[in-house]
């Protein structure tokens, strides 16, 4: 049986998938798209900021408060296969993938929480 220290070390060594995700409002279908190098944990960070009222996207924040947390779902749109330990390259690849999804899904106006650049 492994000790707590060994289990913690194994957890630290795990490579979490990177990629693109969306937070979707199930009431009106609007989406917020973002990327992360840690897809398994990033939604918790967004939930915390939304629940504290400090999310960077003010429209998403307003509707989170209006509709409630249970009206939003977290969905992974695409994952990046981890091939090396270069976190900067991984973050850049995740951002590029995010831009591709934004271009394809066009989450602007009534469709989403993004503003046209």
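Can you say whether residue 26 is within 20 Å of residue 108 (Cα to Cα) and surrounded by fewer than 19 Cβ atoms within 10 Å (Cβ to Cβ), as far as the supplied structure shows? Yes: the conditions hold for residue 26.
Listed by first and then second residue, the pairs with beta-carbon distance under 7 Å, at least 6 apart or on different chains, first residue in the range 96-117 and within 12 Å of residue 34 (Cα to Cα), second part of a helix (DSSP H, G or I), are 113/59; 113/60; 114/102. Applying the condition of being outside any helix (DSSP H, G or I) and at pLDDT 95 or above to the range 36-55 and asking which residue is surrounded by the most Cβ atoms within 10 Å (Cβ to Cβ) yields 55.
Listed conditions (1) in contact (Cβ under 8 Å) with a residue 24 or more places away in the chain; (2) not in a strand (DSSP E or B) are all met by residue 62, apart from (1). If you filter the range 65-90 down to residues that are in a strand (DSSP E or B) and over 12 Å from residue 23 (Cα atoms), you find that the one that is modelled with the highest pLDDT is 78.
The values are calculated or read from the model by the stated rules, or taken from the named source; none is laboratory data. Nothing here was measured: the structure is a model prediction, and the numbers come from that model. Every residue, glycine among them, receives a Cβ derived from its backbone with ideal geometry; neighbour counts consider all protein chains shown.
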